[in-house]
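Step one of this worksheet: look at the structure below.
The values are calculated or read from the model by the stated rules, or taken from the named source; none is laboratory data. Since we're looking at a predicted model, the values are computed, not measured. Every residue, glycine as well, gets a Cβ built from its backbone with ideal geometry; the counts of neighbours run over all protein chains shown.
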Amino acid sequence: MLVSFASLFIYTFAIFLKPLAAEFGWSREAVSAAFGIAALAIAACSPPLGWLLDRYPARRIILPCLTIFGCTFASLSLLTRHLWHLYAIFLILGIVGNGTAHLAYTRVLSTWFRERRGLAFSILLGGGAVGAMVLPPIAEALIHAVGWRASFAILGAGVLVIGLPCGSRVRERPLVSHAATTPATGVSVREGVRSRVFWIIVAELFLISISQNGAITHLSALLTDRGIAAEKAALAVSAMGGAILAGRLFTGLLLDRYFAPRVAVCLFAISALGTFLLAGARSFPVGVGAAALIGFGMGGEGDVTPYLLSRYFGLKSFSTLYGFTWTAYAIAGAVGPVIMGRAFDATGSYRALLMQLAVATLAAASLMLLLPRYKTSFAASEDS
């Protein structure tokens with residue numbers, strides 16, 4: 001449930017993009033830049049947030065971040081026609097965003113699970129996929145019923161009313177919690193960032209993020225441009241969320257049984273196929289199918305990264321290293337929506353760029369073939 005709130009501005013952005021552009025006369029590139037600013041803020045703030053999570057109880061980080069996130073998202077209901085106002089709000093959302101997301105909760109979960117960690121991650125991260133399924137149609141229905149301003153206020157209030165009580169119940173496993181006398185084992189941050197494995201993971205994430213975030217933020221606009229009704233376009237975004245959930249659950253089962261990089265190769269190939277299909281999608285069935293394929297691969301990627309980090313590097317600096325990978329993911333996430341908006345503003349089409357992004361996704365899949373067998377030397381101490 002909690003992870004779904006982190007996906008609020010990600011998966012509803014595509015629904016609000018056209019109403020905001022129409023209301024204030026902004027270009028799609030200009031509106032997309034707000035998403036890019038949030039992504040860059042996530043990039044800058046993820047390592048410090050990770051450092052805090054490695055040293056203090058996660059609840060102390062999660063609750064303030066949820067409070068600021070909910071209030072800030074609701075404040076979009078008061079948006080003015082000044083672009084700097086939109087950008088300032090999304091900057092704040094980005095600063096606190098990962099304190100409400102995977103970065104915070106995977107650390108907690110890693111202290112409770114080892115043998116079934118892949119499945120545990122998939123169930124946890126499935127909360128974001130649930131958000132991707134239910135939030136777009138909810139946002140579309142709210143906009144139709146009460147307008148975009150009231151929709152922002154209602155969604156932001158939901159974060160506070162539901163999220164804060166749930167966040168107050170988050171606890172790490174006592175043995176490896178921050179107050180424990182026996183510290184979590186693993187490599188230091190310095191050792192991790194000097195590893196070739198770490199940089200392969202970072203490069204793969206960068207390529208995947210450009211493609212996925214570009215597709216997510218412009219999916220609704222792309223489909224409605226091609227004659228598909230707004231309600232059906234929102235359903236396509238929701239279908240992507242359903243596929244993300246399926247991808248995460250299925251990947252979690254596979255990670256506990258097979259070598260994770262090989263699983264990732266298959267997932268990224270599926271996502272690349274979806275991007276190719278989206279480039280030429282001109283009907284609702286093809287658009288939904290493309291969105292589902294992208295979402296399935298995206299869901300699996302969400303499981304693979306924290307799983308690999310925990311297996312290769314242990315838990316001692318897990319959140320900090322995960323924060324650095326989020327930096328790469330978020331920087332690319334800032335680039336993807338902006339270049340998609342620029343491509344449309346310049347050519348009136350997303351097709352050529354989507355074809356290039358599909359190739360980038362295949363390149364990310366090939367990088368996974370370079371990873372060695374992951375380590376198991378931290379397993380015994382995690383269970384002790």
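Residue-by-condition table, conditions (1) in contact (Cβ under 8 Å) with a residue 12 or more places away in the chain; (2) over 21 Å from Thr251 (Cα atoms); (3) not β-branched (Val, Ile, Thr):
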| residue | (1), (2), (3) |
| --- | --- |
| Leu293 | yes, no, yes |
| Gly299 | yes, no, yes |
| Gly302 | yes, no, yes |
| Thr305 | yes, no, no |
| Ser310 | yes, no, yes |
| Phe318 | yes, no, yes |
| Tyr322 | yes, no, yes |
| Arg351 | yes, yes, yes |
| Met355 | yes, yes, yes |
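Within the set of pairs 6 or more residues apart or between chains, which connect a residue that is within 11 Å of Gly287 (Cβ to Cβ) and in contact (Cβ under 8 Å) with a residue 12 or more places away in the chain inside region 212-233 to a residue that is among the charged types (D, E, K, R) and surrounded by fewer than 24 Cβ atoms within 10 Å (Cβ to Cβ) with Cβ atoms less than 8 Å apart?
That search, which allows pairs on different chains as well, returns Ser220/Lys18; Leu223/Lys232; Thr224/Lys18; Arg226/Arg282; Gly227/Arg282.
Collect the residues in region 273-295 that are surrounded by 24 or more Cβ atoms within 10 Å (Cβ to Cβ) and closer than 30 Å to Trp199 by Cβ, keeping them in residue-number order.
Gly274, Thr275, Leu278, Ile294, Gly295
If a residue must be more than 15 Å from Ala239 (Cα to Cα) and crowded, with 18+ Cβ neighbours inside 10 Å, how many such residues does region 203-217 contain? Before the answer, list the steps.
As a first pass, look at region 203-217 and keep what is more than 15 Å from Ala239 (Cα to Cα): 203-211, 213-214.
If we keep only those that are crowded, with 18+ Cβ neighbours inside 10 Å too, we end up with 204-211, 213-214.
Going through region 203-217 one residue at a time, the tally reaches 10.
When you scan region 152-245 for helices (runs of 4 or more DSSP H) that lie fully inside it, which ones turn up with 1 or more residues that are modelled with pLDDT under 85, on the phi < 0 side of the Ramachandran plot and of a type in the set (Ser, Thr, Tyr)? Step through it out loud before you land on a result.
Numbers: elements: 164-167, 189-193, 196-225.
Here the list reads 196-225.
Matching residues to (1) at pLDDT 90 or above; (2) assigned to a helix (DSSP H, G or I); (3) out of contact with any Gly (no Cβ under 9 Å at 6 or more places or on another chain); (4) of a type in the set (A, V, I, L, M):
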site: Ile339; (1), (2), (3), (4): no, yes, no, yes
site: Phe344; (1), (2), (3), (4): no, yes, yes, no
site: Ala360; (1), (2), (3), (4): yes, yes, yes, yes
site: Ala363; (1), (2), (3), (4): yes, yes, yes, yes
site: Arg373; (1), (2), (3), (4): no, no, yes, no
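Condition (residue is at pLDDT below 90, crowded, with 18+ Cβ neighbours inside 10 Å, under 28 Å from Leu321 (Cα atoms) and hydrophobic (A, V, I, L, M, F, W, C)) applied to region 131-150: is it met by at least one residue?
yes
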